[in-house]
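A.B. asks: Got a structure here, written out as structure tokens. Questions coming.
The values are calculated or read from the model by the stated rules, or taken from the named source; none is laboratory data. What you see is a predicted model; the values in this text were computed from it and never measured. Neighbour counts run over all protein chains shown; Cβ positions are idealised from the backbone, glycine included. Side chains are part of the model used for accessible areas, which takes the heavy atoms of the whole protein and leaves out ligands, DNA and RNA. Shrake-Rupley method; radii C 1.70, N 1.55, O 1.52, S 1.80 Å.
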Amino acid sequence: MGAACCRPTPVDFDGEVSLFHFVLLRCVGKGAFGKVRVVQHKQTRDLYALKYINKTKCVKMKAVPNVIQERRLLEEVDHPFIVNLRYAFQDDENCFFVLDLMLGGDLRFHLERLGSLPEDVVKFYVAQLSSAVEFLHQSGIMHRDIKPDNILLDERGNAHLTDFNIAVHFSERKLTGVAGSMAYMAPEILTKRGYTCHIDWWSLGVCAYELIFSRRPFRGRTNSDLTYSISKDPLKWPEDAEKKCTRAGMLVIKGLLDRDPSRRFGCKPDGEGYQELRRHPWFKSIDWDTLETKQQVSPFIPDPKKANFDASHELEELLLEDNPLKAKQRKANQDNLSAEMRQMEEQFTSYDFKKMQRRSYYPHNQQLISTATATSSGLASSRPETPANDLRPEHGVTINGESMELQGPEVEEMNKEITEKEYR
Ligand SMILES: Nc1ncnc2c1ncn2[C@@H]1O[C@H](COP(=O)(O)OP(=O)(O)OP(=O)(O)O)[C@@H](O)[C@H]1O
């Protein structure tokens with residue numbers, strides 16, 4: 001009888017997904033609003049990354065619309081080179097994203113560890129990421145924050161785009177809100193001329209340059225210097241550039257870093273820009289069909305014996321976390337919630353990729369979000385055509401004004417990562 005009371009409560013896998021469905025494993029990362037840890041689904045035994053966001057912190061940082069928007073956009077995509085959403089749910093304390101697990105670390109981590117990456121590795125990643133970027137653009141979504149920190153490797157060394165925190169839908173109407181990480185921002189964002197999805201191709205060019213030459217193409221000690229450099233400085237190559245990159249590679253990077261979006265690589269309408277890029281001689285060694293089915297062997301395989309992430313996150317979780325993550329039943333009474341908490345409660349809806357269909361890259365699953373998804377999430381039954389359905393307005397979005405004026409050592413850090421979030 002005594003034993004019976006210690007038996008774990010059986011998990012209802014047919015019911016709505018919750019933290020009870022997962023075994024919590026090690027901590028692998030820390031984001032602005034929460035942590036990321038490896039989890040295993042108790043029924044399927046599949047491993048995933050669980051990203052959890054503390055609701056109170058999220059309200060304090062005025063990031064509720066971003067989190068809801070990220071959840072909504074992720075529901076719309078499924079691509080081999082995107083860190084796809086598999087489940088979403090919430091409890092009283094946290095919002096949870098269950099994502100494809102990437103055990104190979106992010107490209108910032110590898111760049112810092114190795115100094116730079118060989119050209120053939122970068123070419124492989126640019127090819128994989130351009131497939132993801134094209135898919136997003138065909139789905140009416142621009143990412144707006146492509147940078148090495150947001151590119152994650154799986155254990156076989158395939159690159160995946162992540163962090164849809166400031167991604168938005170786009171339409172023919174250009175956006176003017178300044179958002180992204182400044183060093184990777186296209187000139188048309190900074191000069192406020194209005195921009196569209198072409199900005200992602202520019203950011204990919206900045207990443208390729210930085211990964212090969214271990215410095216960024218445009219730099220500045222202050223934000224205004226950086227803005228000037230991005231919008232006016234001629235593209236320069238390091239003195240030893242030819243030792244690190246072929247002429248064809250430099251031509252692709254130059255094409256991606258064209259200030260005129262109508263000439264920039266990748267940007268011609270109706271997918272023609274992407275097709276042109278694929279046909280470029282630099283990519284001669286890439287077999288695009290086997291690339292997109294992940295049958296090609298990556299020229300860089302992360303060392304499986306080394307942790308490809310900062311081990312201090314796990315240590316911090318073990319030693320310093322006074323409120324460790326634990327599956328908890330929800331409170332029955334949700335009456336006294338603040339407006340923001342209620343918004344999260346209502347709009348951060350549950351998601352289960354096994355039960356809901358979505359727009360997929362994979363041809364056998366190629367369809368727009370089904371009515372089932374739409375009903376469950378309270379969304380319209382097809383992808384919104386304009387940013388009007390986005391939670392965050394594209395106007396009134398500012399880079400933190402004070403940050404723009406910062407001088408000195410903070411600037412370098414900020415240039416590395418100004419995560420200008422869009423808030424109401
Ligand atoms: N799917 C994943 N698989 C493995 N590790 C991940 C995954 N997603 C994130 N991580 C790790 O966790 C770290 C934090 O990720 P997260 O997206 O929460 O933070 P962030 O980049 O600051 O984003 P945000 O701005 O949304 O908080 C990443 O740098 C990465 O090392």
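A.B. asks: As a test of understanding, state the convex hull volume per residue of region 1-115 from its alpha carbons, in Å³.
C.D. replies: In region 1-115, the Cα convex hull volume per residue is 153 Å³.
A.B. asks: If packing is taken as the mean number of other Cβ atoms within 10 Å per residue, what is the order of 89-98, 170-179, highest first?
C.D. replies: Result, highest mean first: 89-98, 170-179.
A.B. asks: For the peptides 332-338, 241-247, 121-127, what is the packing order when you average, over each peptide's residues, the other Cβ atoms within 10 Å and list the highest mean first?
C.D. replies: Listed from highest to lowest mean packing, they are 121-127, 241-247, 332-338.
A.B. asks: At q = 0.18, 0.23 Å⁻¹, what is the base-10 log of I(q)/I(0) for region 182-267 according to the Debye formula with one equal point scatterer per Cα and no solvent? Please give it to two decimals.
C.D. replies: -0.72, -1.14
A.B. asks: So what's the projected area for region 228-270, the Cα convex hull averaged over all directions, in nm²?
C.D. replies: 3.6
A.B. asks: Please report the base-10 log of the normalised intensity I(q)/I(0) for region 107-291, using a Debye sum with one equal scatterer per alpha carbon and no solvent, at each q in 0.11, 0.12, 0.19 (1/Å).
C.D. replies: -0.43, -0.52, -1.46
A.B. asks: Rounded to the nearest 0.05, what FRET efficiency do residue 246 and residue 46 have when you use their Cβ-Cβ distance and R0 = 51 Å?
C.D. replies: 0.80
A.B. asks: Compute log10 of I(q)/I(0) for region 187-233 with the Debye formula, placing one identical point scatterer on every Cα and leaving out solvent, at q = 0.18, 0.19, 0.28, 0.31 Å⁻¹, to two decimals.
C.D. replies: -0.58, -0.64, -1.10, -1.14
A.B. asks: Lysines within cross-link reach of residue 42: Cα-Cα under 30 Å, excluding same-chain residues under 8 positions apart?
C.D. replies: 30, 51, 55, 57, 294, 305, 306, 326, 328, 331, 354, 355
A.B. asks: In region 107-291, what percent of the accessible surface is made up of carbon and sulfur (1.4 Å probe, ligands and nucleic acids excluded)?
C.D. replies: Answer for region 107-291 is 49 percent, counting heavy atoms of protein chains only.
A.B. asks: Per-residue accessible area for residue 288 at 1.4 Å probe radius, Å² rounded to 10?
C.D. replies: 20
A.B. asks: While we're looking at this one, here's another question. Distance between Cα centroids, region 18-90 to region 279-305: provide it in whole Å.
C.D. replies: Centre-to-centre (Cα) distance: 28 Å.
A.B. asks: Just subtract the alpha-carbon distance of residue 93 and residue 287 from 0.36 nm times their residue separation and send over the number in nm, one decimal.
C.D. replies: 65.2 nm
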